[in-house]
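As structure tokens, the structure follows; a few thoughts come after it.
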Amino acid sequence: GKGEYDHYMLKEIHNQPTSLANTIEGRVEDGDVAFEALPPGSFDGIESVQFVACGTSYHAAMYGSQLVREAGIRADVLRASEYESTTGPVDETTLTIAVTQSGETADTLDALRTAADRGARTLAVTNVVGSTAAREADDAVYIRAGPEVGVAATKTYSSQAVTLALLSQRIAGDVPDATPADDRAAMLEALADLPEHVETVLESTHAETLAQDTLDSESFFFIGSGLGRSVALEGALKFKEITYEHAEGFAAGELKHGPLALVTEETPLFAVYTSGDDEKTKTNAIEAKSRGAPIVAVGPTDHPLVDVADAHLSVPETHPVWAGLLANVQLQLLSYHAAKQLERPIDKPRNLAKSVTVE
Ligand code: M6R
């Protein structure tokens, strides 16, 4: 049941310190990444990676694919529903990773089957043991987030992103010439603190007040660059999904190529960043501010954006790879509280289903 919480979504948001601890458990050993089912050498022969996914899982896949690319391995992330028209040639040197919470999403299964038919090696990253994706793929990795009831994916996104980040390092260990992150030790050390950092966000957030202050707006925009971009897109998806308000996510640098025409005092802009050197998000947020948009900085305190922003949803200092996930927890809470104030049926938004088994 929902226990002390009004909604499953809030319960699941608050479950993240525990679900993340489960995701991480046993997967970092002696300063290295370990996946029981995928020991060193498992990815021998792989030269490139493609991720296929839908919705929130696509945003987690964006997160993971950036880390695979940073390791010097070619990686693409494709919308599963557009797989046929967006994939390049695949063969046995291609690893196609289907990211799917349920393991039953028709579009994702379809992409997975097409990739396998064309000779790619396949891997399912899923929450559900024994799901169709897990059974059909050559290998399966479980995100171990526990059951998620709310239609809006929250804790499963966090567990997907962490699993994929770890997987990126595991794959890099097997691909010749790949360069696992040079600050990998620091990254893995900071991961151990992630559950506690999420707890800090849950205890200190003022997302509820901020939701109240901004709710009477026309549209809600979310921008970011790099890992921050995937979080911005996820923030906007969650917001529209449960509040029914108009929300869009953009790459920070794209704002001035069109969307800026929509920016007014009635369009709060949430600027997501993961590290202090994210100049692009800052300059584009300033551009929006000069058009009157209220700016909310979403990220660590030590960033020049905080000084120009009207409000700040802060996250604890950590490695940039995990900062985006903490920013996302703030945005989950923002969406939740906005939807609650609007009296939306939070756990079962209109027209949506938890598992989309039609194409
Ligand atoms: O089960 P899957 O991860 O394959 O589901 C994919 C999407 O349908 C899902 O993430 C959807 O976007 C969520 N409702 C978003 O909160």
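The values are calculated or read from the model by the stated rules, or taken from the named source; none is laboratory data. From a predicted model like this one, the values you see are computed outputs, not experimental measurements. All Cβ positions, even for glycine, are placed from backbone atoms using ideal geometry, and neighbour counts span all protein chains on display.
General observations
- Index of the failed condition, A61 passing every other in (1) touching a strand residue (DSSP E or B) at 6+ places or on another chain (Cβ under 6 Å); (2) in a loop (DSSP other than H, G, I, E, B); (3) under 30 Å from L331 (Cα atoms): (2)
- A Cβ distance below 8 Å, combined with a sequence gap of six or more or placement on separate chains, defines the contacts here; from the stretch 29-57, residues that are under 24 Å from K238 (Cα atoms) reach residues that are buried (at least 21 other Cβ atoms within 10 Å of the Cβ) and acidic (D, E) in the pairs C54/D107; T56/E234.
- Which listed residue, of V151, V162, is of a type in the set (V, I, T), within 16 Å of the ligand (Cβ to nearest atom) and touching a helix residue (DSSP H, G or I) at 6+ places or on another chain (Cβ under 7 Å): V162
- Within the span defined as the stretch 240-262, every residue fails to be of a type in the set (K, R), crowded, with 23+ Cβ neighbours inside 10 Å and within 18 Å of the chain's Cα centre (by Cα).
- Number of positions in the stretch 18-65 that are under 13 Å from S159 (Cα atoms) and either away from the ligand (no atom under 16 Å from the Cβ) or exposed (fewer than 15 other Cβ atoms within 10 Å of the Cβ) (or both): 7
- Of all residues in the stretch 75-107, those satisfying the criterion of being away from the ligand (no atom under 16 Å from the Cβ), outside any loop (DSSP other than H, G, I, E, B) and β-branched (V, I, T) are T86, T94.
- Failed item in (1) assigned to a loop (DSSP other than H, G, I, E, B); (2) hydrophobic (A, V, I, L, M, F, W, C); (3) surrounded by fewer than 24 Cβ atoms within 10 Å (Cβ to Cβ), with A140 passing the rest: (1)
- Residue check, A116 within 18 Å of R27 (Cβ to Cβ), surrounded by fewer than 24 Cβ atoms within 10 Å (Cβ to Cβ) and over 17 Å from the mean Cα position of the chain (by Cα): no
- Apart from one condition, L305 fits all of (1) surrounded by 24 or more Cβ atoms within 10 Å (Cβ to Cβ); (2) over 16 Å from the mean Cα position of the chain (by Cα); (3) closer than 22 Å to E196 by Cα; (4) modelled with pLDDT under 95; the exception is (3).
- Of all residues making up the stretch 88-113, the number that are within 21 Å of V175 (Cα to Cα) and surrounded by fewer than 24 Cβ atoms within 10 Å (Cβ to Cβ): 7
- The number of residues in the stretch 197-228 that are farther than 14 Å from L325 by Cβ and either touching a residue at least 12 places away in the same chain (Cβ under 8 Å) or within 16 Å of the ligand (Cβ to nearest atom) (or both) comes to 19.
- Within the stretch 314-346, the set of residues being part of a loop (DSSP other than H, G, I, E, B), more than 30 Å from D110 (Cα to Cα) and not acidic (D, E) comprises P316, T318, H319, L342, R344, P345.
- G235 being buried (at least 23 other Cβ atoms within 10 Å of the Cβ) and part of a helix (DSSP H, G or I): yes
- Check on P349, more than 12 Å from Y273 (Cα to Cα), within 16 Å of the ligand (Cβ to nearest atom), without any contact (Cβ under 8 Å) to a residue 12 or more places away in the chain and in a loop (DSSP other than H, G, I, E, B): no
- Residue in the stretch 109-126 that is hydrophobic (A, V, I, L, M, F, W, C), closer than 26 Å to E248 by Cβ and either free of Cβ contacts under 8 Å to residues at least 40 places away in the same chain or within 13 Å of the ligand (Cβ to nearest atom) (or both) present: yes
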